[in-house]
1. Testing the spin-label approximation: label points 7 Å from Cα along Cα→Cβ at residue 94 and residue 52. State their distance in nm.
2. Where is the GNM fluctuation largest for the chain (alpha-carbon springs, 10 angstrom cutoff): 125, 61, 144?
3. Expressed in nm to one decimal, what extension gain is obtained for the pair residue 154 and residue 36 from 0.36 nm per residue of sequence separation less their Cα-Cα distance?
4. Arrange the following residues from fewest to most other Cβ atoms within 10 Å of their Cβ: 158, 151, 32.
5. Kindly put 43, 85, 164, 109 in sequence by how many other C-beta atoms sit within 10 Å of each C-beta, fewest to most.
6. Suppose only helical runs count, i.e. DSSP H with n ≥ 4. What mean residue ellipticity at 222 nm does that imply for the chain under -39500 (n - 2.57) per run, divided by all residues and rounded to the nearest 500 deg cm²/dmol?
7. Taking a point 7 angstrom from the Cα of residue 114 along the C-beta vector, which residues in region 126-161 have backbone N less than 11 Å away?
8. Does the chain come out rounded, prolate or oblate by the C-alpha gyration tensor, with a ≥ b ≥ c the root eigenvalues, rounded set by a/c under 1.5 and, if not, prolate when a/b is larger than b/c and oblate if not?
């Protein structure tokens, strides 16, 4: 394999979990952009949103993607749910590697994330409505970014990983 695997999709779609499984199965490293930003900044994403705002966080994502796109090593890259919204990030994602969009329905997101207080964008009165709105706003950006789209609502972690690997096998 000569290109990295880039995992995109809405929060809760399984990017980090599937990425870890792929990393183990393929014996290549995985990098999670949210975790890298938290490590570099010394605070959580939630704290960055609270202290500096979403726009500053989005600038950090773009800067990090630029750095990752320049690296030549093959790896799995899991990005934050809002990363593809910026047009410049869509080009950077493609430059980083083969992009997989893990698509799921708003109800699935809500079921997976209800009660999760670490997601700044879901700390609101009507989280399911917020999920619907955000997914609607982001779906075109996700689809434009993707080389492959995998519907993950009813799939296990291993089934999603198998689909990613099957796509890569067909590509070779």
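Read-outs: derived from the displayed coordinates by stated rules, not from any lab. Being a predicted model, the structure only gives us computed values, none of them experimental. Heads up, the Cβs are rebuilt from the backbone with ideal geometry, glycines too, and the neighbour counts pull from every protein chain shown.
1. Here the modelled spin labels are 2.8 nm apart.
2. 125
3. Details: separation 118, 0.36 × 118 = 42.48 nm, distance 2.94 nm.
39.5 nm is the gain from fully extending residue 154 to residue 36.
4. On the way: 158 11, 151 14, 32 19.
Ranking 158, 151, 32 by Cβ neighbours within 10 Å, fewest first, gives 158, 151, 32.
5. Working: 43 14, 85 18, 164 23, 109 26.
By the 10 Å Cβ count, ascending: 43, 85, 164, 109.
6. On the way: 8 runs with 98 residues, N = 172.
Calculated at 222 nm, the ellipticity per residue is -18000 deg cm²/dmol.
7. Under 11 Å, as judged by backbone N against the label point of residue 114, lie 127-128 of region 126-161.
8. Working: a/c = 1.65, a/b = 1.21, b/c = 1.36.
Oblate.
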